[in-house]
1. For region 1-85, what is the per residue volume of the convex hull drawn over the alpha-carbon atoms, in cubic angstrom?
2. Label points 7 Å out from Cα along the Cβ direction at ILE67 and SER101: separation in nm?
3. According to a simple spin-label model (label point 7 Å from Cα along Cα-to-Cβ), what is the distance in nm between SER120 and ASP138?
4. Taking the Cα atoms only, what angle lies between the long axis of helix 4-63 and the longest principal axis of the chain, rounded to 10 degrees?
5. Got the relative contact order for region 1-137 handy, in percent, Cα pairs under 8 Å and 6 or more residues apart?
6. Could you calculate, for region 4-147, the ratio of the Cα radius of gyration to the Kirkwood radius, expressed as Rg to Rh?
7. So what does the Cα-only Debye profile of region 84-143 read at q = 0.14, 0.17, 0.30 Å⁻¹, as log10 I(q)/I(0), no solvent term?
8. Provide the percentage of antiparallel DSSP beta bridges, counting only those with both residues in region 4-147; round to the nearest 5.
Amino acid sequence: MPSITPSYLYSFAAIIAVSGLLVTAFMSYVGGVRFFSETNQLKNIADMVAARATELLTLVSTSNCTIQAYAELPASIGNMQYWLRLKNSSSQAWTEGGFGSIPYSEPYVKAYLPRNASASGFYAAGHGALMLVSSVEDGAVNIHIDSLRGAS
């Protein structure tokens, strides 16, 4: 009879080990799915900001005036804060976005603007509404992103 008890204990230990491995694998999979959906939502927000910026750039270039636009964005995606910024090179402008409170050197998402402009500014989620300001200065079209509270 004493030999039966150790076999039950070994079986119980094996079941606990396999269960632990399955739980760990499932948690890893759920984390990957969650990160994918959060990155997808960040991409949608960056695309929306790029579309709004393109609309402002078109209006400013045709009417030669200064325009401000505001957008209420979520304070966080999932439980993570995010940031957006506008950047440009000599040939194109784009919106970048990433997770955290400050911009990293490599953003998670980029959304390109269809027209070239001088783009600048930074927006951190949770610091008020997003504000886009577009203007024409010395013949150059400019777009700037900021928070309504001026937190950048």
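Values in this text are rule-based calculations from the coordinates and carry no lab data. Because the structure is a prediction, the values reported are computed rather than measured. Cβ: placed from backbone, ideal geometry, glycine included. Neighbour counts: every protein chain shown.
1. Details: hull volume 7.2 nm³, N = 85.
Cα convex hull per residue, to the nearest whole number: 85 Å³.
2. Going by the 7 Å Cα→Cβ label model, 3.5 nm.
3. 1.2 nm
4. That helix lies at roughly 10 degrees to the long axis.
5. Values: 197 pairs, mean separation 37.4, N = 137.
Over region 1-137, the number comes to 27 percent.
6. On the way: Rg = 23.1 Å, Rh = 17.5 Å.
Taking Rh as the inverse mean 1/r over Cα pairs, Rg/Rh reads 1.32.
7. Log10 I(q)/I(0), no solvent term: -0.41, -0.59, -1.32.
8. Details: 29 of 33 bridges.
Once the DSSP bridges in region 4-147 are tallied, antiparallel ones form about 90 percent.
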